[in-house]
């Protein structure tokens, strides 16, 4: 385990604690903001193992969309999303779909982990896909100058960093 990068180590540690992919993405963004939100993290358990444990759409995809909405989606005060809300979601979904369909032929959790393979499911792909997806999410936010480490919703002048 010493060879793991810091991001992969954080993902591994969170998964060892029992958090699923969508919850890990929430914990990563909350950590970048220096915040805690146990209710948000708990609610994202509904996306685990492909929406309600169904093996359907991967929790990394749906959790990533939730992270983006958390940052740019409609505000609880006025119901207005940031102008970039739609494009950042589209960019992430298009990227994720491309990566997963090329490698596994699907965006479904059950196909990614090989739930129906003779050897049984293999979740070893999840950590790498989570790390790549987190990096992609941060890249999308940076390109669109969306502050993700700040505690309030705003655009930044220049690049962002965790």
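If R₀ is 25 angstrom, what is the calculated FRET efficiency for the pair residue 53 and residue 7, using the beta carbon separation as r and rounding to 0.05?
0.45
Mean-square fluctuation check for the chain, GNM, Cα pairs under 10 Å: which of 84, 36, 119 is largest?
119
Taking a ≥ b ≥ c as the square roots of the Cα gyration tensor eigenvalues, with a/c under 1.5 meaning rounded and otherwise prolate when a/b beats b/c, else oblate, which class fits the chain?
Numbers: a/c = 1.69, a/b = 1.54, b/c = 1.10.
Prolate.
Between residue 76 and residue 93, with labels modelled 7 Å along Cα→Cβ, what's the label distance in nm to one decimal, could you check?
Each label point lies 7 Å from its Cα, and together they span 2.5 nm.
Take every Cα pair under 8 Å in region 66-121 that's 6+ residues apart, average their separations, divide by the length, and report that relative contact order as a whole percent.
Working: 34 pairs, mean separation 9.8, N = 56.
Contact order relative to length: 17 percent.
State, to one decimal in nm, how far the label point of residue 119 lies from the label point of residue 145, with both points 7 Å from Cα in the Cβ direction.
4.8 nm
Classify region 42-100 from the C-alpha gyration tensor, please: rounded if a/c falls under 1.5, else prolate or oblate depending on whether a/b exceeds b/c. Before the final figure, lay out each step's value.
On the way: a/c = 3.67, a/b = 1.38, b/c = 2.65.
Oblate.
Once the cut-off is 20 Å, how many percent of the Cα-Cα pairs in region 12-74 end up in the long-distance tail? All intermediate terms of the calculation are to be shown ahead of the outcome.
On the way: 358 of 1953 pairs.
Roughly 18 percent, rounded to a whole number.
Residues of region 20-43 with backbone nitrogen within less than 17 Å of a virtual label 7 Å along the Cα-to-Cβ line of residue 69, please, listed as ranges.
Within reach of a label on residue 69, which here means backbone N under 17 Å from a point 7 Å along Cα→Cβ, region 20-43 contributes 21-27, 29-30, 39-43.
No value in this document is a laboratory result; all are computed from the given coordinates. If you're wondering where the values come from, they're calculated on a predicted model, not measured in any experiment. Heads up, the Cβs are rebuilt from the backbone with ideal geometry, glycines too, and the neighbour counts pull from every protein chain shown.
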